[in-house]
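Have a look at the structure below before the remarks.
The values are calculated or read from the model by the stated rules, or taken from the named source; none is laboratory data. These numbers were taken from a predicted model, which means no experiment stands behind them. Heads up, the Cβs are rebuilt from the backbone with ideal geometry, glycines too, and the neighbour counts pull from every protein chain shown. Side chains included, ligands, DNA and RNA excluded: accessible areas come from the protein's heavy atoms. Shrake-Rupley method; radii C 1.70, N 1.55, O 1.52, S 1.80 Å.
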Amino acid sequence: MDVRIERTRQSLMEALITLMGEKGFDNISVANLTARAGCNRGTFYLHYKDKDELLREIEEDLLHGLVAQAGPFSLQRVSADQPPAEPEPALLDVFRYLAAHADAFRVLLGQRGDPAFLARLKAIMRQNVSNQLAWFQARGQQPPMPHDFLSAYLTSAHVGVIQHWLESGMKYSPEYLALLMTRMARFWASSALQHLLPL
């Protein structure tokens with residue numbers, strides 16, 4: 001029975017993501033969901049109060065999984081003198097996770113997605129960026145601009161790379177994207193802050 005329940009919930013989640021990509025969340029009814037998932041309305045209401053609860057569960061699962069995959073990021077390692085030949089392990093895990101759940105992330109971060117999901121993802125990444133900036137401050141390198149603006153800039157850049165990769169059909173592998181982002185981080189860590197002019 002547990003296997004059947006899990007299969008039903010998974011079918012409903014996949015149906016919601018597919019339908020969101022086709023016509024947006026607001027235009028989806030429970031009848032649409034159950035027809036696409038191959039179950040009836042009674043089955044749907046055994047598991048969820050409404051489609052909003054289903055969407056929240058999908059987003060919670062995705063974000064918790066992403067945080068679990070993202071291990072500690074080492075600016076000290078990527079800011080070494082030699083350009084990195086291998087991707088930072090934390091970034092590699094993140095991009096592999098994104099690839100494994102690409103359909104859901106592509107829809108939720110796309111034009112027909114959920115702005116609240118994008119905001120939550122940015123909040124998670126902003127915290128990660130803040131941790132990286134704290135590493136600089138611990139070395140006595142204070143960024144010559146307001147911390148919150150620099151954090152917002154870097155967060156939007158990271159999210160933008162992810163969105164472009166997903167929307168452009170993931171033409172490059174997770175390994176390539178992880179290495180690309182590692183080298184971007186290395187450039188930023190080793191030289192970008194040193195060339196910023198005080199405001």
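By how many nm would the segment from D52 to V161 grow when fully extended, if each residue of separation counts as 0.36 nm and the alpha-carbon distance is taken off?
Values: separation 109, 0.36 × 109 = 39.24 nm, distance 2.81 nm.
Difference between extended and current length: 36.4 nm.
By accessible area of protein heavy atoms, probe 1.4 Å, what ranking do D50, D26, D61, D103 get, highest first? Before the final figure, lay out each step's value.
Working: D50 45, D26 135, D61 85, D103 105 Å².
Per-residue accessible area, sorted high to low, gives D26, D103, D61, D50.
Using the Cβ atoms and a cut-off under 15 Å, what net charge is assigned to the surroundings of S151, where Lys and Arg are +1 and Asp and Glu are -1?
Details: positive: K122, R126; negative: D148.
Its environment carries a net charge of +1.
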Worksheet item: Which value in nm describes the separation of the simple spin-label points at N27 and R120, placed 7 Å from the Cα toward the beta carbon?
Response: 2.5 nm
Worksheet entry | Heavy atoms of E6: accessible area, 1.4 Å probe, square angstrom to 10 | 100 Å²
Item to complete: Kindly sort F105, F25 by accessible area of their heavy atoms, largest first, with the probe set to 1.4 Å.
Response: F25, F105
Worksheet item: Can you give the accessible area of H164, probe radius 1.4 Å, in Å² rounded to 10?
Response: 130 Å²
Worksheet item: Once the whole set of protein chains is in place, how much accessible area is left on E57, using a 1.4 Å probe, in Å² to the nearest 10?
Response: 40 Å²
